[in-house]
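The values are calculated or read from the model by the stated rules, or taken from the named source; none is laboratory data. Everything quoted here is computed from the prediction, not taken from an experiment. Don't worry about glycine lacking a Cβ; one is built from the backbone with ideal geometry, like all the others, and counts go over all protein chains shown. SASA here: full protein model, heavy atoms, side chains in, ligands and nucleic acids out. Shrake-Rupley method; radii C 1.70, N 1.55, O 1.52, S 1.80 Å.
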Amino acid sequence: MNQPESATPAEPLDFLVVGAGFAGMYALIQARRRGWSVLGLEAATGVGGVWFWNRYPGARCDVESLDYSYSFDEDLQQEWVWSERYATQPEIRRYAEHVAERFDLHRDLRFGARVVRATFDEASVLWTLETDGGEVFRARYVMFATGSLSTPNVPPIPGLETFAGRMLLTAQWPEEEVDFSGRRVGVVGTGSSGIQAIPIIAEAAERLTVFQRTPNFSVPVLNRDLPPEQLEEEKRNYAHRRTVSRASGGGSMHQAYPRAFEEIDDAERRAAFEAGWATGGVLFSKVFPNQMTDPVVNAAAAEFAAEKIRSIVTDPRTAEDLVPTDHPIGTKRICTDSGYYATFNRDNVELVNLRREPITEITSWGVKTTTGSYELDVLVLATGFDALTGSLTRVDLRGPRGDVLAESWADGPQTLVGLLVPGFPNLFIPHGPGSPSVFANMVMGAEHQVDWVLDLVEHARARGHTMVEARRDAAAAWTRHVDDVANGTLFPQAASWYSGANIEGKAASFMPYLGGLKGYIDRCSEVRDADYAGVVFSS
Ligand code: FAD
């Protein structure tokens, strides 16, 4: 059933999908292929999810283009031409738009439609969704493909609203190019977005002041063009590449160093780290398989990275300020950059260590710290996201028996395999807390999770059931398992957005599943093969 863009469907749909990022678009394509009536509701004015919103200078994917792309359609993966090893935001957005056009998604998508309320009625077995524009939609099944990193976090800095210059949020960057020339620019935040944007802003700005609360490790991305011959060669082996990636921990071809850290001498360890550094990017956290579980191996990796920072940054005090000391390397996502540390050697760039001189207030003219005053024309906030749960808890989501999602998750989220939430029948949350989400190639992860959900619904329908819901004890058991796996690693030692530490008042719980993509796929298959153990079917 096709929905014309203008009309609100009178009859309930089979399936409403909220969000048109990679997960939502894939859900629309596959549900439609199964003959379901579908509609997608998207707050943005276009497809692409984070790649629609995060248009800040330097935005680039840290997973190789050949991996960070759909695998379900052979023609698509063969025909699309990636120009670089790691794609930029504009190229990924073009790819998303191409997919939407190729699969004719626009006819089933409503843009500018932010879902603010969702309630389930048990008598009619229907979800009712309301948008901020007052439109109402009903469907038997609902997928909130609303993203892990789609609710920007603006920290409560006193006086922020009084700033009279231009304020920009990396996560809601304007469409038009921002001209920094002749401007005094401040960047608050040195996570992935800040670290990608800072080198580019520094080149254009008259002066750049970087306000850093917590230093993060960053590894050069070492991007390069993908020449046509290499692309052709890679594409000939695509099936193999995808098979290996699905059987991996992170959804890529990455292989750890073949010998154990404990078995090799210092020189070989160094060479292994050097090779990992030269591979580029986030995978530096996986040079040795036990790097994220063994503090000794991790400390060696951290020391190697610290030496790199010291060897690049010429001012020793600035270099020390840039070396992270408060978390094991990799327990906060390793950033990937193009010239980040070298930027601090520029005459027009200054690092302000907020641990030494915290911000006291933002004024009309700039930033005041305990010991300094910084006049600014432009203030860039690269201050992260209310990750993993923020986009779900901001919706007034109500189940049939009084459950309100934001309340149910007040002490931390509970899910069954990251996809179902007890108390909320016929509702699915790809990349939800309890799934690998940000720890594996998220396009590949979305394909697996969406397929698993659609299979579950077909399984229910084939047996005459109209409702599927996670059992509370099963969700509690899965969440304990997610905790146990995390507690076997060094990750809980960091105050990171993985565990909600960046958001005031958010419950501390390590949310992503660290069992790896393959491990997760296997666990989901076990649930399915046990007749969806932990799922209640009813009519
Ligand atoms: P999203 O892409 O987040 O899409 C969710 C969509 O839902 C958005 O369009 C949003 O507008 C919409 N939405 C949310 N709430 C509502 C609502 N209430 N009503 C209607 N619409 C709503 N992952 C990697 O693997 N590698 C990377 O290098 C990488 N880089 C990233 C860089 C940035 C700056 C960010 C923010 C994320 C990055 N990610 C990266 C993670 C990224 O989240 C995933 O790769 C992927 O884009 C997730 O797709 P998704 O469809 O699940 O969610």
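Tabulated results
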| quantity | calculated |
| --- | --- |
| Residue within the stretch 435-445 that is surrounded by 17 or more Cβ atoms within 10 Å (Cβ to Cβ), without any contact (Cβ under 8 Å) to a residue 60 or more places away in the chain and not aromatic (Phe, Trp, Tyr) present | no |
| Residues located in the stretch 310-352, provided they are assigned to a helix (DSSP H, G or I) and either closer than 23 Å to Arg60 by Cα or at pLDDT below 95 (or both) | Ile312, Leu322, Tyr340, Tyr341, Ala342, Thr343 |
| Options Ala247, Ala271, Ala256; residue that is exposed (fewer than 15 other Cβ atoms within 10 Å of the Cβ) and at pLDDT below 95 | Ala247 |
| Filter result (hydroxyl-bearing (Ser, Thr, Tyr), surrounded by fewer than 21 Cβ atoms within 10 Å (Cβ to Cβ) and touching a Gly at 6+ places or on another chain (Cβ under 9 Å)) within the stretch 92-131 | Thr119, Thr131 |
| Output for the stretch 14-37, where each listed residue is open to solvent by 10 Å² or more (accessible area, probe 1.4 Å), part of a helix (DSSP H, G or I) and either acidic (Asp, Glu) or away from the ligand (no atom under 14 Å from the Cβ) (or both) | Arg32, Arg33 |
| Residue match in the stretch 215-235 (condition: in a helix (DSSP H, G or I), within 16 Å of the ligand (Cβ to nearest atom) and farther than 30 Å from Ser181 by Cα) | no |
| Inter-residue pairs, beta-carbon under 6 Å, first more than 9 Å from Ser364 (Cα to Cα) and open to solvent by less than 30 Å² (accessible area, probe 1.4 Å) and in the stretch 149-168, second within 16 Å of the ligand (Cβ to nearest atom) and of a type in the set (A, V, I, L, M), 6+ apart | Leu168/Val380 |
| Among (1) among the hydroxyl-bearing types (Ser, Thr, Tyr); (2) more than 28 Å from Asn290 (Cα to Cα); (3) crowded, with 17+ Cβ neighbours inside 10 Å - the single one Ser338 does not satisfy | (2) |
| Only one of Asp179, Asp132 that is within 14 Å of the ligand (Cβ to nearest atom) and either of a type outside the set (Lys, Arg) or in contact with a helix residue (DSSP H, G or I) (Cβ under 9 Å, 6 or more places away or on another chain) (or both) | Asp132 |
| Any hit, the stretch 441-455, residues being part of a loop (DSSP other than H, G, I, E, B) and closer than 25 Å to Ser285 by Cβ | yes |
| Checklist (1) under 30 Å from Lys332 (Cβ atoms); (2) crowded, with 21+ Cβ neighbours inside 10 Å; (3) β-branched (Val, Ile, Thr) applied to Thr393, failing item | (2) |
| Checklist (1) open to solvent by 60 Å² or more (accessible area, probe 1.4 Å); (2) touching a strand residue (DSSP E or B) at 6+ places or on another chain (Cβ under 6 Å); (3) of a type outside the set (D, E, K, R) applied to Asn348, failing item | (1) |
| Hits in the stretch 141-176 - residues which are part of a strand (DSSP E or B), among the hydrophobic types (A, V, I, L, M, F, W, C) and more than 10 Å from the ligand (Cβ to nearest atom) | Val142, Met143, Met167, Leu168, Leu169 |
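Condition check ((1) closer than 30 Å to Arg242 by Cα; (2) assigned to a helix (DSSP H, G or I); (3) in contact with a Ser or Thr (Cβ under 6 Å, 6 or more places away or on another chain); (4) open to solvent by less than 60 Å² (accessible area, probe 1.4 Å)) across all residues:
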| position | (1), (2), (3), (4) |
| --- | --- |
| Glu469 | no, no, no, yes |
| Tyr498 | yes, yes, no, yes |
| Asn502 | no, no, no, yes |
| Lys506 | no, no, no, yes |
| Met511 | yes, no, no, yes |
